[in-house]
Amino acid sequence: MEQEQKTSTCELCGARKKTSQSHGMAVCSTCRTIISNVKNHPDIVRRAWQELRDEPILPRPAQAVHTEDPDLPDVLDGKRYRTIDRDRNKWYLSISELDGRPVEVFASTAFDRDHELQSRISNLTTITRLISLILRHIFIGERLTLEKVLKQIKRSSRQKNDLPDMLYGVLSRYDSAQAEQDLRRKSA
Ligand SMILES: [Zn+2]
């Protein structure tokens with residue numbers, strides 16, 4: 001790590017001071033101490049925060065670390081939007097909501113004059129399945145894993161060598177590598 005001192009603006013507190021690099025930021029000596037404590041002694045930072053500040057140390061969403069994924073109820077509220085695309089196909093876009101938060105999207109269309117119906121549907125399914133997964137991650141804290149992404153892509157495939165099938169083939173190569181990496185990180 002570089003220790004070269006020069007006067008500039010501390011990236012953390014904004015003071016014009018001598019700064020040096022710490023964890024990819026140019027920071028003053030005060031902030032460097034803070035960074036090193038947050039990094040190496042989070043327990044002390046947390047305790048000091050509770051003593052000195054009358055507010056949670058982290059904003060609400062970050063506190064909600066789910067170890068298990070929340071269950072979705074069988075019946076969800078929803079909104080359905082009717083739209084017409086540039087090729088004049090009629091579409092229904094449905095958003096399922098949990099307490100007003102979007103957790104699933106569906107799209108359907110008649111594909112009136114479409115010759116590649118199957119592959120269009122599978123591409124569409126991939127999009128909506130992945131968006132739904134991301135929405136549940138954002139709004140109800142479902143954990144995102146490669147395994148889940150792969151599962152959704154695989155389920156979107158309708159025939160061999162359609163786009164989701166090909167994507168699944170390529171991406172699933174990373175699956176065991178990912179598992180291995182996780183193991184290594186845990187034992188480190
Ligand atoms: Zn600073």
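The values are calculated or read from the model by the stated rules, or taken from the named source; none is laboratory data. Quick caveat: nothing in here was measured; it's all calculated off a predicted structure. Cβ: placed from backbone, ideal geometry, glycine included. Neighbour counts: every protein chain shown. When the accessible area is computed, the model is the full protein with side chains, heavy atoms only, and any ligands, DNA or RNA have been set aside. Shrake-Rupley method; radii C 1.70, N 1.55, O 1.52, S 1.80 Å.
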Take the residues of region 8-28 that are outside any strand (DSSP E or B), near the ligand (Cβ under 10 Å from one of its atoms) and not acidic (Asp, Glu): which is surrounded by the fewest Cβ atoms within 10 Å (Cβ to Cβ)? Gly14
Just give me the residues in region 61-83 being open to solvent by less than 60 Å² (accessible area, probe 1.4 Å) and modelled with pLDDT under 75, in sequence order. Ala62, Ala64
Taking the residues in region 29-60 that are modelled with pLDDT of 85 or more and basic (Lys, Arg) as candidates, determine which candidate is farthest from the ligand (Cβ to nearest atom). Lys39
Of the numbered conditions (1) loosely packed, with under 10 Cβ neighbours inside 10 Å; (2) away from the ligand (no atom under 16 Å from the Cβ); (3) modelled with pLDDT under 85, Gln3 satisfies every one except a single condition; which is it? (2)
All helices (runs of 4 or more DSSP H) inside region 104-188 with 2 or more residues being at pLDDT 90 or above and β-branched (Val, Ile, Thr): 117-140, 146-156
Does Arg143 fit the bill of being basic (Lys, Arg), out of contact with any Asp or Glu (no Cβ under 8 Å at 6 or more places or on another chain) and open to solvent by 60 Å² or more (accessible area, probe 1.4 Å)? no
